[in-house]
Amino acid sequence: MKIYLNGAMVEEQEARISVFDHGLLYGDGVFEGIRAYHGRVFRLEEHIARLYQSAKAIDLRIPVSPEDMTGTVVATCRANALRDGYIRLVVTRGVGTLGLNPYLCTEPQVIVIAGAIQLYPKDLYEKGLALVTVGTLRNHAEAVNPRIKSLNYLNNVLAKIEAINAGVMECILLNAQGYVAEASGDNVFVVRGDALLTPPAWCGALAGITREVVMELGAGQGLRVREEVLSRYDLYTADEVFLTGTAAEIIGAVQIDRRTIGDGTPGPVTRRLSAAFSDLTRQSGTPIA
Ligand code: PMP
């Protein structure tokens, strides 16, 4: 596999980062997870824009322009003959001292990996996921703001550990007020009648790009789409619940805290949106070839 590293396409074995990189020492950096479908990169512009917003929020100056970064993502796909896959774009703070001071790190490291991902087993897209709500809270907005897609995912990892130890693969994190924020690496949606609801970003959700696409598709299907503050009550009493994310795509949640959601299978709205999403990935995106 060829990796893009700071201006060069290098073999995987040569793609190395210093042990003094603050991305490693402190999780100091930002990233994006992007998908390619049918030879096109899906919603690339939106991912690039969010990367630069995340970087700006942590006062990290990415050493290349968004236009060049866009070209680099496409070039890395091309170098690996990738048509369908998952791209990981990482910008670390770079090499520094053993102290925290990010301003002593003068060369941010830019990495693009064009590979593959399978977040959940295929059969779960038919059967639906079991989730639990966990004790680990979503970061407070004035701590590491959840809108920043930073390399520091320890809070999400702690939530994931709780889920796995509870015997399920995924979880819902609540915010400090007890309202639903999101899953460990996905956004959450509730279907109630003809309403399609998702927590606003200020409740502790990443402004997911799949979330945005699903909101557009839902509106196109005549659903009343809106952001709403949701509690566990809304999850337990929902007609349908599903998660969205670049890696996860759209996956139904059929059990939460051992309670059955809807009739215990991914519902019609989840299925219709999944079909529309799949169609969209066939029709749009930045060409790789
Ligand atoms: N929330 C979190 C915490 C995430 O890391 C992600 C991305 N994996 C998402 C939501 C979904 O965002 P997107 O649809 O842009 O991938």
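The values are calculated or read from the model by the stated rules, or taken from the named source; none is laboratory data. None of the values given here were measured: they were computed from a predicted structure. Note: ideal-geometry Cβ built from the backbone for every residue, glycine included; neighbour counts use all protein chains shown.
Here are a few things to note about the model shown:
- The residues of region 117-139 that are touching a residue at least 24 places away in the same chain (Cβ under 8 Å), within 29 Å of residue 28 (Cα to Cα) and surrounded by fewer than 13 Cβ atoms within 10 Å (Cβ to Cβ) amount to a single one, 135.
- Restricting region 1-20 to residues that are in contact (Cβ under 8 Å) with a residue 60 or more places away in the chain and hydrophobic (A, V, I, L, M, F, W, C), the residue that is surrounded by the most Cβ atoms within 10 Å (Cβ to Cβ) is 3.
- So residue 191, is it touching a helix residue (DSSP H, G or I) at 6+ places or on another chain (Cβ under 8 Å), more than 14 Å from the ligand (Cβ to nearest atom) and assigned to a loop (DSSP other than H, G, I, E, B): no
- Number of the exception - residue 262 against (1) assigned to a loop (DSSP other than H, G, I, E, B); (2) surrounded by fewer than 19 Cβ atoms within 10 Å (Cβ to Cβ); (3) more than 10 Å from the ligand (Cβ to nearest atom): (2)
Rundown of residues vs (1) in the same structural domain as residue 249 (by TED's automatic domain parsing); (2) more than 16 Å from the ligand (Cβ to nearest atom); (3) farther than 29 Å from residue 26 by Cβ, yes/no style:
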{"residue": "55", "(1), (2), (3)": "no, no, no"}
{"residue": "63", "(1), (2), (3)": "no, yes, no"}
{"residue": "68", "(1), (2), (3)": "no, yes, no"}
{"residue": "73", "(1), (2), (3)": "no, no, no"}
{"residue": "83", "(1), (2), (3)": "no, yes, yes"}
{"residue": "88", "(1), (2), (3)": "no, no, no"}
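- Of the residues making up region 128-181, those that are assigned to a loop (DSSP other than H, G, I, E, B), under 20 Å from residue 251 (Cα atoms) and touching a helix residue (DSSP H, G or I) at 6+ places or on another chain (Cβ under 9 Å) are 128, 134, 169.
- Restricting the first member to region 21-43 and to residues that are touching a residue at least 40 places away in the same chain (Cβ under 8 Å) and closer than 21 Å to residue 146 by Cα, and the second to residues that are of a type in the set (Phe, Trp, Tyr) and outside any loop (DSSP other than H, G, I, E, B), the beta-carbon pairs closer than 8 Å and six or more apart or on different chains are 33/86; 34/86.
- Taken over region 194-212, the criterion of being within 11 Å of the ligand (Cβ to nearest atom), of a type in the set (A, V, I, L, M) and more than 21 Å from residue 284 (Cβ to Cβ) is satisfied by 201, 205, 206.
- Taking the conditions (1) surrounded by fewer than 22 Cβ atoms within 10 Å (Cβ to Cβ); (2) in a strand (DSSP E or B); (3) within 12 Å of the ligand (Cβ to nearest atom) in turn, residue 215 satisfies each one other than (2).
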